[in-house]
Structure formats: structure tokens, C-alpha cells
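The values are calculated or read from the model by the stated rules, or taken from the named source; none is laboratory data. Only a predicted model underlies this, so the values are computations on that prediction, with no experimental measurement involved. Quick reminder, even Gly has a Cβ in these numbers, built from the backbone with ideal geometry, and neighbours come from all protein chains shown. For accessibility, only protein heavy atoms count, side chains too; no ligands or nucleic acids. Shrake-Rupley method; radii C 1.70, N 1.55, O 1.52, S 1.80 Å.
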Amino acid sequence: SPPSTSASASNRPLLQIAPMLDVTYRDFRYFMRLLTRRAQLWTEMVVDDTVLFNLEPAKCDKFLGYSPVEHPVVCQLGGSDPAKLAEVAQVVERYGYDEVNLNVGCPSSRVSKGEFGCSLMKRKEVVRDIVHSMSRAVQIPVTVKCRLGVDDLDSQDFTKEFISTVAAGGCKHFIVHARKAWLKGLSPAQNRSVPPLCYGRVLDLCRSFPDLSFSLNGGIADIGHARALLGFPGERLAGEDDRLVGLAWGCPGENAVPPNLLGAMIGRGAMNNPMMLWDVDQVLYGEPRHSTRPTRRSVLDAYRSYLEEIYPPDDGVRPVGCLHLALKPTLSVFAGLRGNKAFRASMDAALRVQENRALGPGHILDQALQAVEETNPGILGEPLQDARAYAEEA
């Protein structure tokens, strides 16, 4: 298992793994920790009423439980009632989370109907009051994740007024998805790609609010891109030069990153190509190189051990959905490589057999690994690719 990282060891969140519904649950976060000890992990959004209706420890653990190895870890909350969110923030703090975050960026219809998520950007005073209430209730940082705007309220003046108002409630750190959201007409997936990215507006926010701190979210696909956006923390990789900073930001000639830009948040990239995170601790946080370079086999063997502990084979037959979620973090381990099809197909086939389900997800993962090795000998032991300098898209 990965070494435990105490909350006190966390500092600047150079890389943050974005909260993603049905993705960043407990199993996924543990899998991330097999690749990086330092990246900041986030829970899925947890709705305030979900916690308040399940305060008994056995029930609450289902939504707020996590492994000690997950630190630094942030719990993201959804809601619009200051008193409720303050109470839930206290529960989150008691669980030992390093930070609590308010979701003001999700454009899902399920979220906006509940009057939270991105629709709250239209009610900046409510967000201010929520942050104030939460901040008075807990000692851990209270942060806000938002977008640049919502619907027709998307000017830079609107964004600055939102930031200024919410900061008055006590928020010191904003994680900004650098595009607007449309609450009607676009699906959540379309809202991640159709509204254009405006990275330059986040730079402007950093410079307009030097006493606040920001993280950038949206469209960050790999570690080279994150490094360029952050101004190349630590030693530079081969091919990195100042010109790439401006290109990464979409602002040619820009090569100075404001000091209050604390981090870059990556979402779908971590889900779709998780193995790129294996050297994040070295290339972003400056930690010493691994004495032994990990392989897909070593990472998946470690995750299999975790699965066998959490889902022991003598624990009865589990529903297919439960097993799928336990195995889902591994589905893109071979993304873009030979063996990807065999891995996914063998896992899917094994899931359909009741005897396999009775033996648990660790057994199913083992079968998938055997199938990959048979069809693509040696691929499990191939060295993982080093992070590379950002390359401008053609």
C-alpha cells in the first residue's frame, strides 16, 4: 500500500485532481495515491442533506469515509443553506479532511434544480453568506470552486464582482474553471467543452486580487501542460522554455505567472490517462526519483491487494455495479496502448460470471491481467513514460 501522507505534509496544491461525479469516489482516490502521494485529491460533491440525513457513523462513512493515505484530501459540498452547510462542514472537519470546498461550478440540471452548483453564481450574496457561515464553524480552509460566469452573466466585471463579494465572506482561495456554463441547452459533458476556455481571464483575476489565491481548472490534459501553466516549478524538463508559458495560457508573450496562482486542477485527463501521474511528485513537487521505476504491473498488483482487503473473496456475491465501480479506476491504465482492448474485454467477460463475482474484484482484476500478458507479453513490465514538455497543439 502507498505510504501514509499526513495532513501537515500538504502545502501548495500544485496539482489537484478535480471532483468528478461517479469518478472520484474512495476506490479511485486510493488508486490515485498509488501513483502520487502529493497531488491534492477531491471527493465527489456531497450534498448537505445527504450528510444530515445520515449522521450515524456507519451511514456517514459511506459518504465521507476515506483512507488515511488520501491526505491531502478535500471534501466538496453542495447546497445553498448557510446553516446546513456550516453544520456539515463541522462533520467534514471531524472526519479529518484538510479542506472543505463549496461547489459553485457544476452545471448539471440535477444540481441547478436544487439551487446549488453553478446556478449559485447568480446569487453571489448567498455564496458569501454560506462561506461566512462555514468559515465561522470550522478551522480548516473553506474554498470555492466556480466558473467564469453562467448563462448571459459572463463578463469579466461580473466575475470580479462575484469574487469580491464571496471573498468578503472569508474565502481566500478560488478554484476557477476557465469557461462559463450554460444551465439550459448544454449537457454537463458539453459544458466541459463547448463554452470556450478563457485562461487569460484567470490571469487577470490573479492580478486584480493579489491578496487572494487561485487555481486553474479546465482543459488541462497532461503534466507538461500543467507545468507550463504554473511557470515550470522546480527544475525544467528538456524542451521547456519561457515561450511555452505564454502558449499554454493562450497569451503569447506572457511568461510571468502570478505568485498567487497556487495550482492547476486536472479532471478527465487523470481519469482517461491515469498513468501519466506516476512522476508528478518528482516533476512538480521536486521529490527524489524512484529508486525503482514503477510499471503497470506493480501499480495494478498494489491495487489488487487493496481490492482483496476491502472486498474480500468470502464476503458474498456482490452486484455487478459495485464490482464495476471497484474496477473502474483501472480501465484506462492501458489507454492508447496495445493490450487495452484485451484488458477491458476480459474484465467485462469475467464480471458476467457469478463465480468470479463471488471471488471479488481482486480476482477479476487478476484474470484481466493474465489475459493482457497472454495477448501482449511483456507490456505489464514496460517502463512508464516520463512527463514531457508542453507541446502546442497543431
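Around the Cα centre of the range 251-394, unit charges on the Cβ atoms of Lys, Arg, Asp and Glu (plus for the first two, minus for the last two) sum to a dipole of about 320 debye.
Considering only 234, 256, 269, the residue lying farthest towards the positive end of the dipole of the range 225-275 is 269, judged by Cα position with unit charges set on Cβ.
Remark: the range 131-272 carries a charge dipole of roughly 440 debye about the Cα centre, counting +1 on each Lys and Arg Cβ and -1 on each Asp and Glu Cβ.
Each principal axis of the Cα atoms in the range 123-165 has its own extent, and those three values, largest first, are 35, 15, 15 angstrom. Does the range 263-394 come out rounded, prolate or oblate, given a ≥ b ≥ c as the square roots of the eigenvalues of its C-alpha gyration tensor, rounded meaning a/c under 1.5 and, failing that, prolate meaning a/b above b/c? The shape class here is prolate.
Computed from Cα atoms, the angle from the helix 156-167 axis to the main principal axis of the chain rounds to 80 degrees.
Among the protein heavy atoms of the range 177-225, carbon and sulfur supply 58% of the accessible surface, probe 1.4 Å, non-protein parts ignored.
Residue by residue, the range 365-370 carries 3J(HN,Hα) couplings of 4, 4, 5, 5, 5, 5 Hz when phi is fed to the Karplus relation 6.51 cos²θ - 1.76 cosθ + 1.60 (θ = phi - 60°); x denotes Gly or Pro.
Here the peptides 92-103, 308-319 are ranked by packing, the mean other Cβ count within 10 Å, and the order with the highest first is 92-103, 308-319. Summary of the geometry: the range 318-394 and the range 270-291, compared by the centres of their Cα atoms, lie 20 Å apart. Rounded, prolate or oblate: which one fits the range 173-276, using the alpha carbon gyration tensor with axes a ≥ b ≥ c (rounded when a/c is under 1.5, else prolate when a/b beats b/c, else oblate)? Since a/c reaches 1.5 but b/c is at least a/b, the shape of the range 173-276 is classed as oblate.
For 363, 71, give me the order by solvent-accessible area with a 1.4 Å probe, most accessible first, ignoring ligands, DNA and RNA.
Largest accessible area first, the residues go 363, 71.
Note on the chain: Cα Rg divided by 2.2 N^0.38 Å, N the number of residues, gives 0.99. Between residue 153 and residue 338, full extension at 0.36 nm per residue minus the direct alpha carbon distance yields a gain of 62.0 nm.
Only one residue of 83, 103, 34 has its Cα farthest out toward the positive end of the dipole of the range 1-106, where Lys and Arg carry +1 and Asp and Glu -1 on Cβ, and that residue is 34.
Simple point charges give the picture: +1 on the Cβ of Lys and Arg, -1 on the Cβ of Asp and Glu, and for the chain a dipole about the Cα centre of about 460 debye. Pairs of Lys residues in the chain, spaced 8 or more positions apart or belonging to different chains, with C-alpha separations under 19 angstrom: 24 in total. Shown in residue order for the range 254-270 are the 3J(HN,Hα) couplings computed by the Karplus curve 6.51 cos²θ - 1.76 cosθ + 1.60 at θ = phi - 60°: 7, 9, 10, 8, x, x, 8, 7, 7, x, 10, 10, 10, x, 4, x, 5 Hz (x for Gly and Pro). Put simply, the amide H of residue 173, placed in the peptide plane, has neighbours under 5 Å in 144, 213, leaving out anything fewer than 5 places away on its chain. The rule of thumb for compact globular proteins, 2.2 N^0.38 Å, goes into the C-alpha radius of gyration of the range 345-384 1.26 times.
Maximal additional length on extending the residue 287-residue 136 stretch stands at 50.8 nm, based on 0.36 nm per residue less the C-alpha distance.
Each stretch of four or more DSSP H residues adds -39500 (n - 2.57); spread over every residue of the chain, this sum gives -11500 deg cm²/dmol at 222 nm.
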